[in-house]
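For reference, the structure discussed in these notes is given below.
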Amino acid sequence: MNFTNDKAIYIQMADRLMDEILAGKYKDDDRIPSVREYAVLLEVNTNTAVKAYDELARANIIYNKRGLGYFVTPGAKKKILRERKKEFMQERLPELFRQMQLLGIDIKEVDEAWEKM
């Protein structure tokens, strides 16, 4: 995984795991890779992976079964989707509209580009 400088690595790791849940790689009550497995996979320090898992556990996206590992909390996908939509609408969309206005891009151009995808 290529990490960027705009967010802490553990946050980017948590985001990636949430992306995997959204994509259906992990479903409700599925076991996810252990902290060590995920650290090795992404080539990061184990402590960084622990912070990512702690963040997801605090957000009730994953839960720990003592001695068995971490699992996806039932309803996590819906929760992630709801939060990401909210973030998009409140933070990213206004900036996108501002940029469109500055660049003279109208909604018809965006619609045409959308259709080509």
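Miscellaneous remarks
- Considering the conditions (1) assigned to a helix (DSSP H, G or I); (2) modelled with pLDDT of 95 or more; (3) closer than 18 Å to Gln12 by Cα, Gln90 is excluded by exactly one of them, (3).
Here's the yes/no breakdown for (1) on the phi < 0 side of the Ramachandran plot; (2) basic (Lys, Arg); (3) part of a helix (DSSP H, G or I); (4) out of contact with any His (no Cβ under 8 Å at 6 or more places or on another chain):
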{"position": "Asn5", "(1), (2), (3), (4)": "yes, no, no, yes"}
{"position": "Arg16", "(1), (2), (3), (4)": "yes, yes, yes, yes"}
{"position": "Glu37", "(1), (2), (3), (4)": "yes, no, yes, yes"}
{"position": "Asp54", "(1), (2), (3), (4)": "yes, no, yes, yes"}
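- Single residue of Asp29, Asp19, Asp54 found to be among the acidic types (Asp, Glu), surrounded by 14 or more Cβ atoms within 10 Å (Cβ to Cβ) and either within 15 Å of Thr73 (Cβ to Cβ) or free of Cβ contacts under 8 Å to residues at least 12 places away in the same chain (or both): Asp54
- Out of Leu93, Leu56, Leu17, Leu22, sole residue that is under 12 Å from the mean Cα position of the chain (by Cα) and under 30 Å from Ile107 (Cα atoms): Leu22
- Tally, over the stretch 60-87, of residues that are touching a residue at least 24 places away in the same chain (Cβ under 8 Å) and outside any helix (DSSP H, G or I): 10
- Selection from the stretch 76-97 of residues that are under 15 Å from Glu20 (Cα atoms) and surrounded by 13 or more Cβ atoms within 10 Å (Cβ to Cβ): Ala76, Lys77, Lys79, Ile80, Leu81, Arg84
- When Met100 is tested against the conditions (1) over 23 Å from Glu20 (Cβ atoms); (2) open to solvent by 70 Å² or more (accessible area, probe 1.4 Å); (3) not in a loop (DSSP other than H, G, I, E, B), the lone failure is (2).
- Considering residues of the stretch 57-72 that are touching a helix residue (DSSP H, G or I) at 6+ places or on another chain (Cβ under 8 Å) and over 16 Å from Tyr10 (Cα atoms) only, the residue least open to solvent (accessible area, probe 1.4 Å): Val72
The values are calculated or read from the model by the stated rules, or taken from the named source; none is laboratory data. A quick note: this is a predicted structure, and the numbers were derived from the prediction, not measured. As a convention, Cβ positions derive from the backbone with ideal geometry for all residues, glycine included, and neighbour counts pool all protein chains shown. For the accessible areas, the whole protein counts, side chains as well, though only heavy atoms, and no ligand, DNA or RNA atoms are used. Shrake-Rupley method; radii C 1.70, N 1.55, O 1.52, S 1.80 Å.
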